[in-house]
1. What are the residues in segment 125-141 that are among the aliphatic types (A, V, I, L, M), more than 24 Å from Ser194 (Cβ to Cβ) and in a strand (DSSP E or B), if any?
2. For residues in segment 305-315 being within 17 Å of the chain's Cα centre (by Cα) and either under 15 Å from Gly246 (Cβ atoms) or among the aromatic types (Phe, Trp, Tyr) (or both), which is most open to solvent (accessible area, probe 1.4 Å)?
3. When you scan segment 37-50, do you find a residue that is of a type in the set (Gly, Ala, Ser), on the phi > 0 side of the Ramachandran plot, open to solvent by less than 70 Å² (accessible area, probe 1.4 Å) and at pLDDT 90 or above, even just one?
4. Could you grab me the full set of residues in segment 273-297 that are open to solvent by less than 80 Å² (accessible area, probe 1.4 Å) and farther than 22 Å from Tyr207 by Cα?
5. Would you check which residues across segment 258-272 are exposed (fewer than 12 other Cβ atoms within 10 Å of the Cβ) and of a type in the set (Asp, Glu) and list them?
6. Could you please find all residues in segment 142-157 being surrounded by 15 or more Cβ atoms within 10 Å (Cβ to Cβ), hydrophobic (A, V, I, L, M, F, W, C) and either assigned to a strand (DSSP E or B) or more than 21 Å from the chain's Cα centre (by Cα) (or both)?
7. So which residues in segment 173-205 are touching a residue at least 40 places away in the same chain (Cβ under 8 Å) and under 13 Å from Gln147 (Cα atoms)?
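The values are calculated or read from the model by the stated rules, or taken from the named source; none is laboratory data. On a predicted model such as this, the values are computed, not experimentally measured, just so you know. A quick note on method: Cβ atoms are made from the backbone with ideal geometry, for glycine too, and the neighbour counts reach across all protein chains shown. The area values use the complete protein model at the heavy-atom level, side chains included, leaving out ligands, DNA and RNA. Shrake-Rupley method; radii C 1.70, N 1.55, O 1.52, S 1.80 Å.
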Amino acid sequence: MRTFIVCLLLVAMGSLPAANAGKPPGAGGGGTGGGGTGTTGVVSQNLGVLPGDKYSDAWDVNAQGHAVGRSYNSGSRTTPQLIKAFYWNGTMHQLLPATQSSAGETPWHSDAWAIGGSPEIAVGLEDRTICIPDSADPTKKICDYEQYPVIWKNVSASPAAVRLGNMPGRAFGINDAGTLAVGVSGGGVGAIWSSISDSTAAVTRIYVPSSVNDADTLVPFPDGHFQGNPAKITYEGTALDVNDDGVVIGTLTTIDQDALAACLATDVRPCVPDVSYSRSYIYISGSEFFKVLPTPVGHKETSAYAVSNTTAGNVYVAGW
């Protein structure tokens, strides 16, 4: 389950006592003195980098304190930036991509985004660019970009990745139990993979229900305009985290196709905020319950990054 938090958007799926509303259990004070609050007893740990690299980012950590992320070099005109997935359990270990590079390709880039399960499983993505000579002009090349969701099973053994199904996409989250992964693949605003210990993991795509679609026609875009025709509204998005009860959170982007066409006819870039805006959603697999999460008063856009396991009927959602 993802623990990468930029800031908090707390959503209680139920009720809490007024004194604790909007406050996660055990929240401490902000001082640096004694009394069990602040940073007393907090220790920072530099995870380091893989051999030959200069930088690293850790995206997730589990209850054992083991982390996953990416390690990379600075890149240059002659040396491309190569991103490598890692697993850290006190020592850095490279998680190999599913496919190694060959002639006509740049090396596979891989990135581990989340860790869960026992034995530990990591999920993430890998990508590459494949270039072939242009038959019409041998001095030029035609290049294609590929990106696939992947899993690493039993990461302590530093395995090679296995693709999640055969569709392009990205995997961003896994639950603590290691039974469900989420991301995006082949349409919709999110994807859920089940039985992820198997490379033939089944995928379920999340779509915005028509009832939500109709309601969104009444919501103003950030610049204040309305799109009154539901047929002119489309959605993009991705699922970013899932808990052990199959509660999924993610972000969907609402796009006004008329505004997009008008923007593309001009030199104005990027085409925002007239064209699109983003909001968070929650989806419960099994019941297929889907709801756009409320936007705090005074703000227009949100994005959900992490969801807690269910406690006393409540779940907490964090994002920006």
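1. Of the residues in segment 125-141, the ones among the aliphatic types (A, V, I, L, M) are 125, 130, 132, 136.
Now restrict to residues that are more than 24 Å from Ser194 (Cβ to Cβ): 130, 132, 136.
Once the filter is applied, which keeps residues that are among the aliphatic types (A, V, I, L, M), more than 24 Å from Ser194 (Cβ to Cβ) and in a strand (DSSP E or B), segment 125-141 yields Ile130, Ile132.
2. For segment 305-315, the residue satisfying everything is Tyr305.
3. Yes, segment 37-50 contains at least one residue that is of a type in the set (Gly, Ala, Ser), on the phi > 0 side of the Ramachandran plot, open to solvent by less than 70 Å² (accessible area, probe 1.4 Å) and at pLDDT 90 or above.
4. Answer for segment 273-297, where residues must be open to solvent by less than 80 Å² (accessible area, probe 1.4 Å) and farther than 22 Å from Tyr207 by Cα: Pro273, Asp274, Pro296.
5. Within segment 258-272, Asp267 is the sole residue that qualifies.
6. Scanning segment 142-157 gives Val150, Ile151, Trp152.
7. Correct list: Gly183, Val184.
Yes/no matrix, rows are residues, columns are (1) open to solvent by less than 50 Å² (accessible area, probe 1.4 Å); (2) out of contact with any strand residue (DSSP E or B) (no Cβ under 9 Å at 6 or more places or on another chain); (3) not charged (D, E, K, R):
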site	(1), (2), (3)
Ile121	yes, no, yes
Glu126	yes, no, no
Pro138	no, yes, yes
Pro159	yes, no, yes
Ile174	yes, no, yes
Leu180	yes, no, yes
Gly187	yes, no, yes
